[in-house]
Amino acid sequence: MPGSFKTEAIVLRSIRYGEADRILHLYSRERGRIGAVAKGVRRPKSRFGGRLEPLFRVALVLHEGRGELYTVTSAQTVHAHAALRDGRAALARATEACAAVLRLFDSSEPNIPAYNLLCHELALLDASPAFAGRAQALGFRLKLLLAAGFVPELGSCASCGEREHLGAFSARAGGVVCDACEAGSFPLDLATHDFLVAALARPLAEVPDASERALAQADRAIAETLEHHAHVRLARVAA
């Protein structure tokens, strides 16, 4: 039934609506993807202040009416990620992270690992520009695949189970493939395979660096997995 509820959320995107309102795309801890309207938020004396800008982590009270959009009735800042706006690279990576969540998680079902992952990524980028590199951004996307249930097979051939001679990647097969099953795949260097395994296993703050060639191959593997299994196409991670 219609009513009010509390949730914590990240503001993924904000769109002007009418004379003073904004439509918000939110990813929440308790209810997954949410669309909401913040009425009067663009007025100079709005009670929300600047707390509903993209990249903010907020504690909300939302009212569920009869329409598709919830209405924001209260908003308190949990983490503003203010330092992100001082660095172009960190801001770009944070925007990429929110866009990936926006595209990949469009369900109202909660996904606590995905929510926690996004919160952690934004906090890392806010804390230090050193985390704005391409390798770390790819590590985030790889972990998003894990949270969404689309992580590629990296330990053995995705087609036959062979654990050696894994020199190619096939999104259709679901991961790395051996020499005998490489039809329709693209070559994957050992350095790229090692990077994917390490990036998946290590915390976000400890994603290893790799050569540009390895990162480009990893980017392609992640992108093709998203397209084939999640039917989502994201812009490649910029160097």
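Per residue, what volume in Å³ does the convex hull of the Cα atoms of the stretch 3-82 enclose?
Taking the convex hull of the Cα positions in the stretch 3-82, it is 83 Å³ per residue.
Residues 206, 182, arranged from fewest to most other Cβ atoms within 10 angstrom of their Cβ, appear as 206, 182.
Converting phi to 3J(HN,Hα) with the Karplus coefficients 6.51, -1.76 and 1.60 and the offset θ = phi - 60°, the stretch 60-68 yields 10, 10, 10, 9, 9, x, 9, x, 7 Hz in sequence order, with x at every glycine or proline.
Count charges around residue 180 for me, please; just the other residues with Cβ under 15 Å from its Cβ, Lys/Arg as +1, Asp/Glu as -1.
Around residue 180, the charge tally is -3.
Between residue 108 and residue 146, the simple label model (points 7 Å from Cα in the Cβ direction) yields a spacing of 3.0 nm. Simple spin-label estimate for residue 69 and residue 183 gives 5.2 nm between the two label positions (7 Å along the Cα-to-Cβ direction from each Cα). Relative to its Kirkwood radius, the Cα radius of gyration of the chain gives an Rg/Rh of 1.04. Here the chain is treated with +1 on each Lys and Arg Cβ and -1 on each Asp and Glu Cβ, and its dipole about the Cα centre works out to around 1440 debye. Near residue 21, once Lys and Arg are set to +1 and Asp and Glu to -1 for all other residues with Cβ below 12 Å from its Cβ, the sum equals +4.
Between rounded, prolate and oblate, where does the stretch 153-239 land on the alpha carbon gyration tensor, with a ≥ b ≥ c its root eigenvalues, rounded for a/c under 1.5, else prolate if a/b exceeds b/c?
oblate
Taking Cα atoms only, the orientation of helix 212-225 departs from the longest principal axis of the chain by about 70 degrees. With each label modelled as a point 7 angstrom along the Cα→C-beta vector, the residue 86-residue 220 pair spans 3.9 nm. Please list, in order, the residues from the stretch 185-216 whose amide nitrogen is less than 14 Å from a point placed 7 Å along the Cα→Cβ vector of residue 162. Flagged as within label range: 185, 188. Ranking 62, 167, 183 by how far each Cα lies toward the positive end of the dipole of the chain (charges on Cβ) leaves 62 at the top. For helix 134-148, what angle does its Cα long axis make with the longest principal axis of the chain, in degrees from 0 to 90 and rounded to 10? Tilt of helix 134-148: around 80 degrees. Local charge for residue 90 was computed over the other residues whose Cβ lies under 14 Å away, with Lys and Arg +1 and Asp and Glu -1, and equals 0.
How far is helix 190-201 tilted off the main Cα axis of the chain, in degrees rounded to 10, range 0 to 90? For 190-201 against the chain, the angle is about 40 degrees.
Once you charge only the Cβ atoms, +1 for Lys and Arg and -1 for Asp and Glu, what is the size of the charge dipole of the stretch 11-64 about its Cα centre, to the nearest 20 debye?
It comes to approximately 140 debye.
To the nearest 0.05, what FRET efficiency results for residue 197 and residue 16 with a Förster distance of 41 Å applied to their C-beta separation? The pair residue 197/residue 16 has a calculated efficiency of 0.40. Reported to the nearest whole Å, the Cα centre-to-centre distance from the stretch 162-239 to the stretch 102-122 is 22. Straight-line reach from residue 6: which aspartates and glutamates have a Cα under 16 Å away, not including same-chain ones fewer than 8 places off? Straight-line reach from residue 6, under 16 Å: 30, 64, 109.
Along the stretch 46-59 the Karplus relation, 6.51 cos²θ - 1.76 cosθ + 1.60 evaluated at θ = phi - 60°, assigns HN-Hα couplings of 4, 5, 7, x, x, 7, 10, 7, x, 5, 6, 9, 9, 9 Hz to successive residues, with x for each Gly and Pro.
Computed from the coordinates by the stated procedures, all read-outs in this text should not be read as laboratory data. Note that the structure is a prediction, hence the values are computed from the model and not measured. Ideal geometry is used to build each Cβ from the backbone, glycine not excepted, and the neighbour counts take in all protein chains shown.
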